[in-house]
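S.K.: Here it is, the structure in full.
What follows draws every value from the coordinates through simple rules; no lab data is involved. Since this is a predicted model, take the numbers as computed values, not measurements. No Cβ is skipped: glycine too gets one built from the backbone with ideal geometry, and neighbour counts run over all protein chains shown.
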Amino acid sequence: MSEEPRSNGVESVEQAVKRCYSTWGESYYREYYGKDAPYPPVHLQLITSLVESISPRRLLDAGCGPASMLRHLVKPAREVYGFDLTPEMVDEARRILGELEVAPQRIWQGSVLDAAAFACPGETPAPFDAVLCVGVAPHLPEGEECTLLRNLHQALRPGGTVILEARNELFSLFTLNRYSHELFLQRLVPVSELRARAGEEGAGVDNALAQLSSMFRTDLPPIRKGKQDEPGYDEVVSRLHNPLVLARQFANSGFTDVRTLFYHFHSLPPMLSQHAPRVFLETSLQMEHDPLDWRGYFMASAFLVVATRA
C-alpha cells in the first residue's frame, strides 16, 4: 500500500505522535476505559448506540488504537476493520480482536492523512457503511482537517455515516485555566491590533493584557508527560477544535445531516471539582444524558460530529 507524499512538518508530527503512544499499547484501554479511569468512558455507550442505530455491515475505525471501540462493536454479521498510526497499538488491536475471531489482516498500520490507508491491504477496495475516527483529530497538524474529511468522505458509500470525535475548544471559556488563557490571547483578543493602535495608550493596553492573563490558572491542568523517554500527550500536537467551525467544514466537504453531540460534561470548572468530588461527578454524569444540551458547547470537553455522505 503506497502512501501519499507528506510534508516534513506532517511527517515530524506523526513521528512524535507514534512515539507518544508507543508505550500505551497494552495499558491505554485499562487507563481510559477500565474501572479506574478518571472519568467513565461515556462516549463508548454513545458511539455504540449510534453504530447500532446505523447497523453497518462494513465498519472501519480510522485510528483504532488498541481496538478500544472495535472490541465492543464486533458482531457475527458485521465486517470490522481498523488501522492506526502506531505499530504497538496495531499489535494490541490484533491481539484483542483475534480473540473475537477477527482476521489480523483486517487491522493494519496507516495514517488518516493517507487516502490509501482507508483500504484494507490485500482486499479489493470497497466503501464502508460507517467510519469511526476517535482520538485522531487532536493530533492533526494545523490545516489538515480538509485532508482528513476528504479521506473519510471517499471511504464511505453514498449514504454512509462518519462519527468523528474532537476536543472542544469552546470548553476553554469555562475552565479558567491555561486553555482559557490560550483561547483568549491567541484566538479571541486581537492583541496585535490593540498594540498597533495603542499609541499613547500603549502602557494601558499592556496593563489590560497583563490583568487579563492574571485571571487564569495557567499552571493547570498539569502538562502530561511521557511514561519513559517518549513525549507525553501535551508534548505532541494535541489540538482543540471549535465545534461550530468543524461542523461547517463537514458541510463544505460533501456531508449532510451534520450533527454535534457533546460528552464528558463538567458541572463545575475542573479546578473546582476537588471541593465536592462526589457531587461534581454525579451531576456531571447526569448531564451526559442529553448530548444535545446547548451547555455542551461550553461545559463538555469533547464532542462527536455525526454526518452522512451525500
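S.K.: How large is ³J(HN,Hα) for each residue in region 62-68, as worked out from phi by the Karplus curve 6.51 cos²θ - 1.76 cosθ + 1.60 (θ = phi - 60°), to whole Hz, x for Gly and Pro?
M.R.: Taking θ as phi minus 60°, the curve returns 8, x, 6, x, x, 6, 4 Hz for region 62-68.
S.K.: Quick one: pull the percentage of alpha-carbon pairs in region 213-257 with a separation above 14 Å. Can you show the working numbers first?
M.R.: On the way: 681 of 990 pairs.
Roughly 69 percent, once rounded to a whole number.
S.K.: Provide the gained length on full extension for the span Glu123 to Thr218, in nm with one decimal, where the gain is 0.36 nm per separating residue minus the Cα-Cα distance.
M.R.: Residue separation times 0.36 nm, minus the Cα-Cα distance, leaves 29.2 nm.
S.K.: Which of Ser68, Ser172, Ser49 moves most in a GNM of the chain, Cα contacts under 10 Å?
M.R.: Residue with maximal mean-square fluctuation among Ser68, Ser172, Ser49: Ser49.
S.K.: Kindly put Met215, Met69, Met299, Met287 in sequence by how many other C-beta atoms sit within 10 Å of each C-beta, fewest to most.
M.R.: If I rank by nearby Cβ atoms, fewest first, I get Met215, Met287, Met299, Met69.
S.K.: To check my understanding: the extent here is largest minus smallest coordinate of the Cα atoms along each principal axis. What are those three numbers for the chain, in Å, largest first?
M.R.: Projected onto the principal axes, the Cα atoms of the chain cover 68, 47, 43 Å.
S.K.: So how do Lys18, Lys75, Lys227, Lys35 line up by other beta-carbon neighbours within 10 Å, fewest first?
M.R.: Ordered from fewest to most neighbouring Cβ atoms within 10 Å, Lys18, Lys75, Lys227, Lys35 come out as Lys35, Lys227, Lys75, Lys18.
S.K.: Further question: In region 75-144, what GluC sites (Glu not before Pro) fall in a loop by DSSP, with at most 11 other Cβ atoms inside 10 Å?
M.R.: Glu99, Glu101, Glu123, Glu142
S.K.: Antiparallel as a % of all DSSP beta bridges within the chain, to the nearest 5?
M.R.: Working: 15 of 33 bridges.
So the antiparallel bridges amount to about 45 percent of the total.
S.K.: Calculate the length of the line joining the C-alpha centroid of region 18-42 to that of region 60-101, in whole Å.
M.R.: Each part's Cα centre sits 15 Å from the other's.
S.K.: Would you pull out the residues with amide H under 5 Å of Asp61's amide H, same chain only if 5 or more places away, H placed 1.01 Å from N?
M.R.: Tyr81, Gly82, Phe83, Leu132
S.K.: Determine the calculated [θ] at 222 nm for the chain from helices alone, applying -39500 (n - 2.57) to every DSSP H run no shorter than 4 residues and normalising by the residue count; nearest 500 deg cm²/dmol.
M.R.: -10000 deg cm²/dmol
S.K.: Tell me the trypsin sites (Lys or Arg not before Pro) within region 250-310 that lie in a loop according to DSSP and have at most 16 other beta-carbon atoms within 10 Å.
M.R.: When the trypsin sites (Lys or Arg not before Pro) of region 250-310 are filtered for loop state and at most 16 Cβ neighbours within 10 Å, Arg295 remain.
S.K.: May I ask you to sort Ile107, Ile163, Ile54, Ile223 by Cβ crowding, counting other Cβ atoms within 10 Å and putting the fewest first? Walk me through the numbers on the way to the answer.
M.R.: Details: Ile107 27, Ile163 24, Ile54 15, Ile223 10.
Starting with the residue having the fewest Cβ neighbours, the order is Ile223, Ile54, Ile163, Ile107.
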